[in-house]
1. Taking only pairs six or more apart or across chains, which ones have beta-carbon atoms under 9 Å, a first residue in region 8-26 that is touching a residue at least 40 places away in the same chain (Cβ under 8 Å), and a second residue that is of a type in the set (Lys, Arg)?
2. Tell me which of these ALA64 doesn't satisfy, since it passes every other one: (1) modelled with pLDDT under 95; (2) open to solvent by 90 Å² or more (accessible area, probe 1.4 Å); (3) closer than 30 Å to MET1 by Cα.
3. Any residue in region 75-99 that's under 15 Å from PHE117 (Cβ atoms): show its pairings with residues that are open to solvent by 80 Å² or more (accessible area, probe 1.4 Å) and not aromatic (Phe, Trp, Tyr) at Cβ separation under 8 Å, as long as the two are six or more apart or on different chains.
4. If you go through region 104-111 one residue at a time, do you hit one that is without any contact (Cβ under 8 Å) to a residue 40 or more places away in the chain and farther than 24 Å from ILE12 by Cα?
5. Taking the condition open to solvent by less than 80 Å² (accessible area, probe 1.4 Å), assigned to a helix (DSSP H, G or I), on the phi < 0 side of the Ramachandran plot and at pLDDT below 95, does GLY43 pass?
6. If we scan region 26-38, do we find a residue that is in a helix (DSSP H, G or I), of a type outside the set (A, V, I, L, M, F, W, C), farther than 25 Å from PHE117 by Cβ and out of contact with any strand residue (DSSP E or B) (no Cβ under 6 Å at 6 or more places or on another chain)?
7. Restricting attention to region 88-111, does a residue exist that is open to solvent by 70 Å² or more (accessible area, probe 1.4 Å), acidic (Asp, Glu) and assigned to a loop (DSSP other than H, G, I, E, B)?
8. Among ASN55, ASN17, ASN50, which is the only one that is at pLDDT below 95 and among the polar types (S, T, N, Q)?
Amino acid sequence: MKILKQAIKYGIVGASNTLITAVVIWVMMKCVGLSDVVSNVIGYVAGVLNSFIWNKQWTFRSSAGWKSSGARFGVVFAVCYLLQLALLFILDAALPIDGYYIQLIAMAFYTVINFIFNKYYTFKE
């Protein structure tokens, strides 16, 4: 099943994004001496770029142009982030559970919808 292989690859890319983001933040803070905020921005940029390149080339094997798929990738990232943030607010108001667990639910939601949008919009065949 093609979609299952893509979902597994997407998960691997996501794990590498997390690792790259964390390492870049650490290097920027501890080795370069940048502030927490600047280090965070640089780390997240590195993670998002990693995600875009690997998902375009490996996960979805997209032949879409770099500029057009890059623009769509940015839009998808923003939309998915805002949707997960909205879900976070809704669940926080509706559920009597620890906020950390609500964060995990929202993160899982983001991951699923981001995969779907990237498969059928950003890197559509």
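The values are calculated or read from the model by the stated rules, or taken from the named source; none is laboratory data. A quick note: this is a predicted structure, and the numbers were derived from the prediction, not measured. For neighbour counting, all protein chains shown are included, and Cβ atoms are generated from backbone atoms with ideal geometry for every residue, glycine included. Accessible surface is based on the protein model in full, side chains and every heavy atom, while ligands, DNA and RNA are left aside. Shrake-Rupley method; radii C 1.70, N 1.55, O 1.52, S 1.80 Å.
1. TYR10/LYS119
2. Unmet for ALA64, out of (1) modelled with pLDDT under 95; (2) open to solvent by 90 Å² or more (accessible area, probe 1.4 Å); (3) closer than 30 Å to MET1 by Cα: (2).
3. If the second residue must be open to solvent by 80 Å² or more (accessible area, probe 1.4 Å) and not aromatic (Phe, Trp, Tyr), the pairs left are GLN84/MET107.
4. So in region 104-111, the residues without any contact (Cβ under 8 Å) to a residue 40 or more places away in the chain come out as 104-110.
If we keep only those that are farther than 24 Å from ILE12 by Cα too, we end up with none.
No: region 104-111 contains no residue that is without any contact (Cβ under 8 Å) to a residue 40 or more places away in the chain and farther than 24 Å from ILE12 by Cα.
5. On the way: open to solvent by less than 80 Å² (accessible area, probe 1.4 Å): yes; assigned to a helix (DSSP H, G or I): yes; on the phi < 0 side of the Ramachandran plot: yes; at pLDDT below 95: yes.
Against the criterion (open to solvent by less than 80 Å² (accessible area, probe 1.4 Å), assigned to a helix (DSSP H, G or I), on the phi < 0 side of the Ramachandran plot and at pLDDT below 95), GLY43 qualifies.
6. We begin by selecting, within region 26-38, every residue in a helix (DSSP H, G or I); these are 26-31, 36-38.
Adding the requirement that they be of a type outside the set (A, V, I, L, M, F, W, C) leaves 30, 36.
Next cut, farther than 25 Å from PHE117 by Cβ only: 30, 36.
Narrowing further to those that are out of contact with any strand residue (DSSP E or B) (no Cβ under 6 Å at 6 or more places or on another chain): 30, 36.
Yes, region 26-38 contains at least one residue that is in a helix (DSSP H, G or I), of a type outside the set (A, V, I, L, M, F, W, C), farther than 25 Å from PHE117 by Cβ and out of contact with any strand residue (DSSP E or B) (no Cβ under 6 Å at 6 or more places or on another chain).
7. Checking region 88-111: at least one residue is open to solvent by 70 Å² or more (accessible area, probe 1.4 Å), acidic (Asp, Glu) and assigned to a loop (DSSP other than H, G, I, E, B).
8. Working: ASN55 fails: at pLDDT below 95; ASN50 fails: at pLDDT below 95.
Every option except ASN17 fails the conditions.
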